[in-house]
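The values are calculated or read from the model by the stated rules, or taken from the named source; none is laboratory data. The structure presented is a predicted model; accordingly, all values stated were derived computationally and were not measured. Note that each Cβ is placed from the backbone with ideal geometry, even for glycine, and that neighbours are counted across all protein chains shown. Heads up: the accessible areas ignore ligands, DNA and RNA and are worked out on the full protein's heavy atoms, side chains in. Shrake-Rupley method; radii C 1.70, N 1.55, O 1.52, S 1.80 Å.
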Amino acid sequence: MSNQPPNEALTELSDVLGVSNVQTLVHTFLRDFPISIRDLAAGNRTDRHRFAHSMKSNARLMGAHELSDRMAALEERLGSETGSDLTPEDLAAIKAEFETVAAPLRKFVGE
């Protein structure tokens, strides 16, 4: 297990909360984000908007800014009456971006 956080956001969080507590947060993110992706795909538009908001915030906390930005754009689209709904391409891009950010996070928590 590497005790060095993989990005600046988690380094700053570790300075405040301690490395062990941040590793717990990262572990939870790694466990829960894929579940949120599944729920995002299954929910109605209102649920998808809520999930996108939560996923955006969680990704930002992990220092996954591109993933957070992707979720913010989806949240904005879903919150607009004229915005398009979730597409299979959105889901594929979210999954791919998650896997990109998950690798260094897994190393940080020893997964």
Residues of the stretch 47-82 with the amide nitrogen closer than 17 Å to a label point 7 Å from the Cα of GLU8, along Cα-to-Cβ, please. 60-69
In the stretch 4-94, what is the volume of the convex hull around the alpha carbon atoms, normalised per residue and reported in Å³? 88
Applied in sequence order to the stretch 44-51, the curve 6.51 cos²θ - 1.76 cosθ + 1.60 (Karplus, θ = phi - 60°) yields integer Hz couplings, x standing for Gly and Pro, of 7, 4, 4, 5, 4, 4, 5, 5
Expected 222 nm ellipticity per residue - DSSP helices of 4 or more, -39500 (n - 2.57), all of the chain, to 500: -26500 deg cm²/dmol
Rounded to whole Hz and in sequence order, give me ³J(HN,Hα) for the stretch 25-37 from the Karplus expression 6.51 cos²θ - 1.76 cosθ + 1.60, θ = phi - 60°, writing x for Gly and Pro. 4, 5, 4, 4, 4, 4, 6, 8, 4, x, 5, 5, 4
The stretch 1-68 - charge dipole about Cα centre, Lys and Arg +1 at Cβ, Asp and Glu -1, debye rounded to 20: 380
Solvent-accessible area of ASP32 with every protein chain in place, 1.4 Å probe, in Å² to the nearest 10: 50
Calculate what fraction, in whole %, of the accessible area of the chain sits on carbon and sulfur atoms when a 1.4 Å probe is rolled over the protein chains. 52
